[in-house]
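Worksheet: the structure to be examined is printed underneath.
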Amino acid sequence: MTTGRLADLVAASDALADEPGRNEKVRIIVEALLAAGDRADLAARYLAGDPPQDRLEVGWAAVRDADTAPAEDASLTLDDVDAALEVLATAGGPGSRGARMTALNGLLARATSAEQAFLRHLVMGEMRHGASAGMVAKGIAKAADVPETVVRRALMLSADLGEVATLALTGGRPALEAVGLVVGRGVQPMLASTTESVTEVVEELGTAVVEWKLDGARIQVHVDGEDVVVFTRNLNDITSRSADVVAAARALPMQQAILDGEVLAMGTDGLPWAFQDTMSAFSRDEGERPALSPFFFDLLHVDGEDLIDQPLSARRQRLTALVPDHLRIPSVIVEDAAAGEAVAVESLDRGHEGVMVKALDAPYAAGRRGKQWRKVKPVKTLDLVVLAVEWGSGRRQGWLSNIHLGARIDGPDGQPEFVMLGKTFKGMTDAMLEWQTARFLELETHRDQRAVHVRPEQVVEIALDGVQTSRRYPGGVALRFARVIGYRDDKSPAEVDTLDTVRALGGLPPR
DNA sequence: AGGTCCGCGTC
DNA sequence: ATCGGAT
DNA sequence: ATCCGATGACGCGGACCT
């Protein structure tokens, strides 16, 4: 077996970028995997923009500052790249920034200019060649001549694209089918799609589980006797920062389990902390860290028995039998919309984010964002004014894209002034991008490196999930998940929402 | 000792 | 995280 | 139905700068 050459993978990446068709992209990936020799695992992970090293600690600034003349000839192998990334990942302590720059420059010096471009994307973790883990999974299936469903299943359970690539190409279908649920190894968590109303989903499903949606961090907890491992949604191992969760899990009355849940900080008043405060506690090292409370809502395995293929109704029963009420997220089986809406009202009254609505008969579809689970959160709207706009990149190149949003403060002379609350690029169709590019160039006052600044005249209606306190923005608040609903040509800037209105949305006093 | 920038990870 | 576009 | 890319806000720890 030979080790793959970087140049071949780079050629595949360039071909992917040029090729819009998904079938053809998969074909390119198949060739790249087969050309990678015994490092198909690296080829798969690199194409997906996800090298195996934990944290490279190299980002946009390091890539910007790296400046090395390219090599004339291609010589790098995938193993060479892997070794260099290992150096990046293991550098630490004083002087590590310099060591990392040296290693990065050293790698780039051995790369041709095409390879340099590829490596810059790779270390940033974003290939942007129009194919990622999903396409690579299809490619693995095709390269190994195995049904895609078999690859998907192995991928859900092992969550390691490189391992699955190797298994598929060396062991074929039997090797993939041998991948099972293992207590202690992360499983891709099941995801939810978004819906506007509980009623709509309950009417569609007939019978549904409606469950409070808590605003914390997703956790997957693996229990094996005294051994407990805690993973986040992205399967990062946070066991060492999860003493509270570990303690709660150890006290459960079984030997082995895989639990799905959410962790957050709860106040003594029974209300959940603001998300950013939960995250502060969650991210802090041991010491004066506030307590975090786990709440579970699903059970994937218990004492040797896999439950992921069983319907939610069965998993829910097993969970209820195992986990005491105070460690479970409240949920109700409803048969009609009104009962579902009542659960949502109660959840919001208790300070939570909204509800999840789930199909009772659905198995645990690891890694999928299906219609079996929907999240429902209330949407707020504001009328704001555009203060500046940033040029887009990628498919938005040439368009003014990311808009800076302002709320109104009435100045001492009665003239409105505006304070920035955040930015958004979401919710814009291509037609809107086209329109706003022309519109904001008309309103331009000046520009800097980042943005085109405009006269504050264009009103925009914004949807958001809520507000959060901000140290960055001058009004002391920022918008959470802001997206454009549409431009309001019927409103003048003097009519946009005031800073105090926005602050009140977050329960903050006027200022 | 304190402040800033960066990278990363949560949503 | 959310959203729109493309396949 | 899926997949992808464009980019949002926050907070933390660590390296580096003053």
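The values are calculated or read from the model by the stated rules, or taken from the named source; none is laboratory data. Since the model is a prediction, treat every value here as computed from it, not as a measurement. Here the Cβ positions follow ideal geometry from the backbone for every residue, glycine too, while neighbour counts run over all protein chains shown.
So, in region A:37-48, how many residues would count as being outside any helix (DSSP H, G or I), of a type outside the set (D, E, K, R) and under 29 Å from the mean Cα position of the chain (by Cα)? Break it down stepwise before answering.
Our first condition is that a residue be outside any helix (DSSP H, G or I); within region A:37-48, this holds for A:37-39, A:48.
From what is left, the residues that are of a type outside the set (D, E, K, R) are A:37, A:48.
Now restrict to residues that are under 29 Å from the mean Cα position of the chain (by Cα): A:48.
Residues meeting the conditions: 1.
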Among the numbered criteria (1) under 22 Å from the mean Cα position of the chain (by Cα); (2) outside any helix (DSSP H, G or I), which single criterion is violated by residue A:146?
(1)
Matching residues, region A:64-86, being within 16 Å of DNA strand D (Cβ to nearest atom) and surrounded by fewer than 18 Cβ atoms within 10 Å (Cβ to Cβ)
A:64, A:65
Of everything in region A:347-394, what is modelled with pLDDT under 95 and under 30 Å from residue A:493 (Cβ atoms)? Give them in sequence order.
none
Residue under evaluation residue A:171, criteria (1) over 25 Å from the mean Cα position of the chain (by Cα); (2) surrounded by 21 or more Cβ atoms within 10 Å (Cβ to Cβ), criterion not met:
(2)
Quick one: how many residues across region A:101-122 are part of a helix (DSSP H, G or I) and closer than 19 Å to residue A:46 by Cβ?
15
Could you count how many residues in region A:484-511 are in contact with a Leu (Cβ under 9 Å, 6 or more places away or on another chain) and not in a helix (DSSP H, G or I)?
4
Restricting attention to region A:4-36, and to residues there that are within 26 Å of the chain's Cα centre (by Cα) and of a type in the set (Val, Ile, Thr), which single residue is farthest from residue A:125 (Cα to Cα)?
A:26
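Check region A:416-429 and report whether any residue there is more than 16 Å from DNA strand D (Cβ to nearest atom), on the phi < 0 side of the Ramachandran plot and hydrophobic (A, V, I, L, M, F, W, C).
Residues of region A:416-429 that are more than 16 Å from DNA strand D (Cβ to nearest atom), as a first pass: A:416-417.
Cutting the leftovers down to on the phi < 0 side of the Ramachandran plot gives us A:416-417.
Narrowing further to those that are hydrophobic (A, V, I, L, M, F, W, C): none.
Within region A:416-429, none of the residues are more than 16 Å from DNA strand D (Cβ to nearest atom), on the phi < 0 side of the Ramachandran plot and hydrophobic (A, V, I, L, M, F, W, C).
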Does at least one position in region A:463-484 carry a residue that is within 16 Å of DNA strand C (Cβ to nearest atom) and more than 25 Å from residue A:274 (Cα to Cα)?
no
Select from region A:443-483 the residues that are more than 11 Å from DNA strand D (Cβ to nearest atom), of a type in the set (A, V, I, L, M, F, W, C) and part of a strand (DSSP E or B) and write down the one among them that is farthest from the chain's Cα centre (by Cα).
A:454
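Across region A:391-413, what is the number of residues that are assigned to a loop (DSSP other than H, G, I, E, B) and at negative phi? Walk me through how you get there before you give the answer.
Pass one, region A:391-413, residues assigned to a loop (DSSP other than H, G, I, E, B): A:393, A:398-399, A:411-413.
If we keep only those that are at negative phi too, we end up with A:393, A:399, A:411-413.
Residues meeting the conditions: 5.
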When you scan region A:349-359, do you find a residue that is touching a Gly at 6+ places or on another chain (Cβ under 6 Å), within 23 Å of residue A:274 (Cα to Cα) and not in a helix (DSSP H, G or I), even just one?
no
Number of the condition not met by residue A:61 [criteria: (1) of a type in the set (A, V, I, L, M); (2) within 16 Å of DNA strand B (Cβ to nearest atom); (3) without any contact (Cβ under 8 Å) to a residue 24 or more places away in the chain; (4) buried (at least 16 other Cβ atoms within 10 Å of the Cβ)]
(4)
Go through (1) in contact (Cβ under 8 Å) with a residue 24 or more places away in the chain; (2) of a type in the set (Gly, Ala, Ser); (3) buried (at least 16 other Cβ atoms within 10 Å of the Cβ) and name the single condition residue A:125 misses.
(3)
